[in-house]
1. Report whether or not Pro36 is closer than 30 Å to Cys304 by Cα and open to solvent by less than 100 Å² (accessible area, probe 1.4 Å).
2. If we keep just the residues of region 39-50 that are out of contact with any His (no Cβ under 8 Å at 6 or more places or on another chain), open to solvent by 40 Å² or more (accessible area, probe 1.4 Å) and of a type outside the set (A, V, I, L, M, F, W, C), which is modelled with the lowest pLDDT?
3. Restricting attention to region 118-143, which residues are under 15 Å from Asp154 (Cα atoms) and among the β-branched types (Val, Ile, Thr)?
4. Only one of (1) surrounded by fewer than 12 Cβ atoms within 10 Å (Cβ to Cβ); (2) touching an Asp or Glu at 6+ places or on another chain (Cβ under 9 Å) fails for Val24. Which number is that?
5. Mind listing whichever residues of region 72-103 are basic (Lys, Arg) and farther than 24 Å from Asp327 by Cα?
6. It is to be established whether one or more residues within region 319-326 are touching a residue at least 60 places away in the same chain (Cβ under 8 Å), surrounded by fewer than 15 Cβ atoms within 10 Å (Cβ to Cβ) and under 16 Å from Val47 (Cβ atoms).
7. Taking the stated definitions as given, is Ala276 of a type in the set (A, V, I, L, M), surrounded by 15 or more Cβ atoms within 10 Å (Cβ to Cβ), touching a strand residue (DSSP E or B) at 6+ places or on another chain (Cβ under 6 Å) and modelled with pLDDT of 95 or more?
8. Mind checking which pairs have a first residue in region 58-73 that is surrounded by 12 or more Cβ atoms within 10 Å (Cβ to Cβ) and basic (Lys, Arg) and a second that is assigned to a helix (DSSP H, G or I) and at pLDDT 95 or above, Cβ under 6 Å, 6 or more apart or different chains?
Amino acid sequence: MEQLATLADLPTRYIDDLKQSNLVPLWPSLRNVLPPVKPIPNTKSIVWKYNEIKPLLLEAGELTPIEKAERRVLVLANPGHGLENMRATSVIYLGMQLLLPNEWAPAHRHTPNAIRLIVEGEKAYTTVEGKKCPMEKGDLILTPSGLWHEHGHDGDEPVIWLDVLDLPLVYYMEASFVEGGDCQPIQRVENKPRYAAGLVPTVQHIRGEQNYPMLRYPWSDAKQLLIDLAAENTAGPVQVAYVNPETGEDCQKIIGYSALMVRPGEKVQLEPRSAAMVFHVIEGETAITIDGKASHLDTADTACAPCFAHIDLINNSQDACFLFIADEAPIQKKLGLYSTRPRGE
């Protein structure tokens, strides 16, 4: 493409006149906002090591009582976006949250959608609109936009989970806010999904207004499904998506969630796609290569890859590796922006 004029090509007087009228010339910045062929992402490939996060998170528990924090979280910030902006990608926010024994993170609701992926600990719970969801390792718990939720802990050891929110997008849209509330009365306990056997109650089976028939996706179910699929199909990647069981659509509207199994000795090459991705190891270990940059992921480590990245997952261990994945595909598909490319382009 032809080289465009720059600000240096314009008289200072002209630039000052533009500023006085709150005007900006497009052409000097056109290639930045509309780069040729593919985007130029600010999102950088990065790995956050859990063995570095956990001691600092536990120290935060000593330094700041829950009453002074409301949510005791360390944000996994991508330096490509600036640490102060607290983003993993342009759409995805990540945070590691700590709840100590007998603590209660008070009820609130907010406009960003959120999920909780439990990293370690037991006997904690999240209550969403009065529905109590136990929090066990690997479980996925939804706290959708506008729904009241709180966290409690009846155990005797710290509980840690990964928060994933669409906060960067909602904040950019100037639609981000929170409301505080009182402790929620328990309506019923979410022990296991009603849809696990492909059955639903015949009495009063009506889609809820919020259209979130499942709030808790137990890891035990997801893991067993991956193992069963791997036994049925001995070649190719084994991946399952977290969906709304009534509609088959993504379980939330903005960010997509899935779980991937990498067999012992297996190399999984992912197709480059327009959506940035986040990987979190639930169980096992694997090597990950993002655009030629190799790293090792242990249990509870988290990695981020930008759009159109070439991603390889290589499991050199004797045990299967199970990963949780968050990506921006749902919002891109709704906007007609999602695409994939062959490897090597």
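The values are calculated or read from the model by the stated rules, or taken from the named source; none is laboratory data. Note that the coordinates shown come from a computational prediction; the quantities given were computed from them, not determined experimentally. Using ideal geometry, Cβ is built from the backbone for each residue, glycine included, and neighbour counts are taken over all protein chains shown. Accessible surface areas use protein heavy atoms only, side chains included; no ligands, DNA or RNA. Shrake-Rupley method; radii C 1.70, N 1.55, O 1.52, S 1.80 Å.
1. Yes, satisfied.
2. Within region 39-50, the match that is modelled with the lowest pLDDT is Pro39.
3. Thr126, Thr127 - these are the residues of region 118-143 that are under 15 Å from Asp154 (Cα atoms) and among the β-branched types (Val, Ile, Thr).
4. (2)
5. Arg72
6. No, every residue in region 319-326 fails to be touching a residue at least 60 places away in the same chain (Cβ under 8 Å), surrounded by fewer than 15 Cβ atoms within 10 Å (Cβ to Cβ) and under 16 Å from Val47 (Cβ atoms).
7. Answer is no for this residue.
8. As it stands, the answer is Arg72/Ala60, since those pairs meet every condition given.
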